[in-house]
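A.B. asks: I have a structure here, written as structure tokens, and I will follow up with some questions on it.
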Amino acid sequence: QVQLVESGGGLVQAGESLRLSCVASEGILNHYAVDWYRQAPGKQRELVAGVNSAGGTNYPDSTKGRFTISRDVAKNTVYLQMNSLKPEDTAVYYCGAPGLRAWGQGTEVTVSS
């Protein structure tokens, strides 16, 4: 059974940074892309960063330059470093492996102004 477990969410002030972690089942990172998504209240889930099985990364314009995704294959972990956080970044953040249709339970990020 595939597992993805997020951690690192919390309450921060605007302009501060936060790093999220996603621990995946062993072996997933070598074969599947793992992405970070977020869902704000009343909004659809959106992609915020992705890393493929070769380590290549991609970002939407909304997070490019502020968010950085990275991974440690030996630790089966994908990170999301979020800098210069804004109130509009407030959401539940999920990691997911779309190729496996697997999702974590989410971790909540709240950015106060």
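A.B. asks: Among the residues of the range 18-30, is any open to solvent by less than 70 Å² (accessible area, probe 1.4 Å), within 19 Å of Ser112 (Cβ to Cβ) and basic (Lys, Arg)?
C.D. replies: no
Rundown of residues vs (1) free of Cβ contacts under 8 Å to residues at least 60 places away in the same chain; (2) in contact with a Ser or Thr (Cβ under 9 Å, 6 or more places away or on another chain); (3) not aromatic (Phe, Trp, Tyr), yes/no style:
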position	(1), (2), (3)
Cys22	no, yes, yes
Glu26	yes, no, yes
Tyr32	no, yes, no
Asp35	no, no, yes
Asn58	yes, no, yes
Thr63	yes, no, yes
Ile69	yes, yes, yes
Ala74	yes, no, yes
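A.B. asks: Here's another thing I want to ask about it. Can you tell me how many residues in the range 1-17 are open to solvent by less than 30 Å² (accessible area, probe 1.4 Å) and within 21 Å of Arg101 (Cα to Cα)? Talk me through it step by step, then tell me what you get.
C.D. replies: Kept after step one, since they are open to solvent by less than 30 Å² (accessible area, probe 1.4 Å), are these residues of the range 1-17: 4, 6, 10, 12.
Still in the list and also within 21 Å of Arg101 (Cα to Cα): 4, 6.
Final tally of qualifying residues: 2.
A.B. asks: So, Arg38, is that one farther than 13 Å from Tyr94 by Cβ and part of a strand (DSSP E or B) or not?
C.D. replies: In short, no.
A.B. asks: A further question follows. For Leu47, only one of the following conditions fails: (1) in a strand (DSSP E or B); (2) in contact (Cβ under 8 Å) with a residue 40 or more places away in the chain; (3) surrounded by 13 or more Cβ atoms within 10 Å (Cβ to Cβ); (4) not polar (S, T, N, Q). What is its number?
C.D. replies: (2)
A.B. asks: For the subset of the range 1-59 comprising residues that are more than 10 Å from the chain's Cα centre (by Cα) and of a type in the set (D, E, K, R), which member is modelled with the lowest pLDDT?
C.D. replies: Across the range 1-59, the extreme among qualifying residues is Glu26.
A.B. asks: Please count how many residues of the range 67-113 are open to solvent by less than 40 Å² (accessible area, probe 1.4 Å) and assigned to a helix (DSSP H, G or I).
C.D. replies: Qualifying residue count, the range 67-113: 1.
A.B. asks: Moving on. Which one of these is more than 16 Å from Arg19 (Cα to Cα) and either of a type in the set (D, E, K, R) or over 14 Å from the mean Cα position of the chain (by Cα) (or both): Glu88, Glu108? Working first, answer last.
C.D. replies: Working: Glu108 fails: more than 16 Å from Arg19 (Cα to Cα).
Residue meeting the stated conditions: Glu88.
The values are calculated or read from the model by the stated rules, or taken from the named source; none is laboratory data. It should be emphasised that the depicted structure is a prediction, and the values quoted were computed from it without experimental measurement. Positions of Cβ are generated from backbone atoms using ideal geometry, with glycine treated the same way; all protein chains shown enter the neighbour counts. We work out accessible area using only protein heavy atoms, side chains counted, and drop any ligands, DNA or RNA first. Shrake-Rupley method; radii C 1.70, N 1.55, O 1.52, S 1.80 Å.
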